[in-house]
Structures are given as C-alpha cells and as structure tokens.
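S.K.: Structure in structure tokens, see below.
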Amino acid sequence: MVNARRLLIRYTQVSMMLACLFMASFSLQAAPRQVAIILDDLGDDYPRDVRALQLPGAITYAILPHTSYSLVLAQQAHVAGKEVMLHMPMSTISGRYPGPGSLTERMDYKQFLDTLKTNLQAIPFIKGLNNHMGSGLTKNPQAMQWFMQALSQTQLYFVDSRTTPDSIAEDMALAMGIPSLGRDVFLDRDRSQTAIRSQFDLLIRIATLHGQGVAIGHPYPSTLAVLDQQLPRLERLGIQLVPVSALLTPPPPTIAHSQDNTRSTR
C-alpha cells in the first residue's frame, strides 16, 4: 500500500513536470518574434526622406534636429502613423562634426543641458532618442551621466546606436531606469544591395534566435530598394515589424509637443 502511494505521488509529480514543460514550450512557440527597423539621418533631403516615409509597415524614423525639413518630416511621419525619434548629434572620436545641436565633451553642464533641451524642442511627436555618431560622447562617463539624468526625467526611451564597442550609453540608461535598447544590426555600413540583404538576413536570424532584433539603416536609395523587396518576407516568416516602443515594457507615450520635453528636463 505504501509503495502504491509513493508510485502515485511520483506519477503526479512527473505529470506536473511534463505539463509545465509543455506549457513552456507552447509559450515559446506562441511568443511573437519582432523586429524594429530605424531609419536615421532624416531632415536634410526632402525628396529622399519622403521616399523613406513611404515604406510599408512600422518603420521608426530618427530625425536630426535643426535641419531644413525636420519639422515637416516629423509631422508627416506622425500623420502616417509612424514612430518618430530624435536623432541626437553627439561628438566623435575622430572629431568629425555631427551637425547642428551637437553634444560634446567640451561643454560645461549648463551648455550641455541647454543644447539637449533645445534639441528636444526641435522635433515634435518623439517617443525616444538615439545617438547620431557619438563614438566619443557615448563612452564618456560624465557626459552620459548628465545625458541620462536629464532623460530620466522625461518619458522618452533611448536606443544606443553602438557606434563604438566602448559605448556605456545603454548600460547607464538601464541603470537609471530609462527604457533602453541597443542596436543589433547596421543594415548599410556597406551600401551595396547584396550587403544590405545579407544584413537583413542577419536581423531575421537574430529575431528567430532571441525573439527580437533592432536594426539601423539610412535612407540611401540602395537601402530603400532592399527594404521594399525584403519587408514582405517578415510576415511570411511570422516576424512582426514593430516600432521601437513596442519592444520596450511598458511602451512610453508619445510626446506630442516639444514644450513638454523642455519642462520635463529641468
């Protein structure tokens, strides 16, 4: 009788373990695989950038501040239901000029914050930021502390473009409670369509293995041509194209008016 009871208990334990394993397996299979694709550097070339806005699906657009068409492009992207980011210019190791509104290590605290707030005012409808260039600034602890302290007072997310392997930006953002991700794939470091297709395949492999992936590209003609060809593949493969905010929990609300950003960074 004792042996029978032990066998019954053991059978129940094994059954419960198998049920848990089955449910875990089902959950993994049911979890959607997702990718976010960010197109950087919008703002200076209106015909090119409008063409980029016409891509199908939930592409996220990172717009440079203080450029000729930044405001109208942000408005058009928002009306089209696309997610908008501020593409924040940051200083480089090489000394290459990142453009108007650049944050640099040479700034004092007030200059740094004033420039950051001015940039936040420049682009409406933003949900987050990523760095434009920034191989110098994103590895600078003092600058990143100032930047993330200000950002932590907003409802914006941050994507580390990872323009240097020495970047501390994503780690510091996460340490300060800022929703943050790092770029997994550069689509078009090599602008040939063959290379871009190869990088798109890499993004698919990353999403298949890890459940999600983040790619960054630019509105080059070759990049736009490849995306036109390749984006329909995602649905066939069961991979969702989502805005960056969908990969973050919880997704941050849209910042519709740049004045809100200014108040929140004081």
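S.K.: Per 0.36 nm of contour for each residue apart, how much would the distance between residue 142 and residue 44 grow if the chain were fully extended, relative to their Cα-Cα spacing?
M.R.: That pair, residue 142 and residue 44, stretches by 32.2 nm at full extension.
S.K.: While we're looking at this one, here's another question. Can you check what the Kirkwood hydrodynamic radius comes to for the range 139-218, Cα pairs only, in Å to one decimal? Could the numbers behind the result be given before it?
M.R.: Numbers: mean 1/r = 0.0722 Å⁻¹.
Over the range 139-218, the inverse of the mean reciprocal pair distance is 13.8 Å.
S.K.: Continuing with the same structure: Can you tell me the order of 65-76, 109-120, 149-160 when each peptide is scored by its average per-residue count of other Cβ atoms within 10 angstrom, highest first?
M.R.: 149-160, 65-76, 109-120
S.K.: Mind jotting down the distance between the C-alpha centroids of the range 72-131 and the range 188-202, whole Å?
M.R.: Cα centroid to Cα centroid, the span is 27 Å.
S.K.: On the principal axes of its Cα set, how long, how wide and how thick is the range 32-264? Give whole Å, largest value first.
M.R.: Answer, in whole Å and largest first: 50, 36, 34 Å.
S.K.: Let me ask something else. If the chain between residue 175 and residue 96 were fully stretched, how many nm would it gain, using 0.36 nm times the residue separation less the Cα-Cα distance? Working shown, then result.
M.R.: On the way: separation 79, 0.36 × 79 = 28.44 nm, distance 2.94 nm.
Answer, rounded to one decimal: 25.5 nm.
S.K.: Sorted from largest down, give the three principal axis spans of the alpha carbons of the range 71-176, whole angstrom values.
M.R.: Taking max minus min along each principal axis of the Cα atoms, the range 71-176 gives 37, 29, 28 Å.
S.K.: Once amide H atoms are placed 1.01 Å from N in the peptide plane, what residues at a sequence separation of 5 or more from residue 126, or on another chain, have their amide H within under 5 Å of its amide H?
M.R.: Counting only residues 5 or more places away or on other chains, the set is 255.
Where a number appears in this text, it was derived from the coordinates with a stated rule and is not lab data. All values derive from a computational prediction rather than experimental measurement. Please note: Cβ atoms are built from the backbone with ideal geometry, for glycine as well, and neighbour counts cover all protein chains shown.
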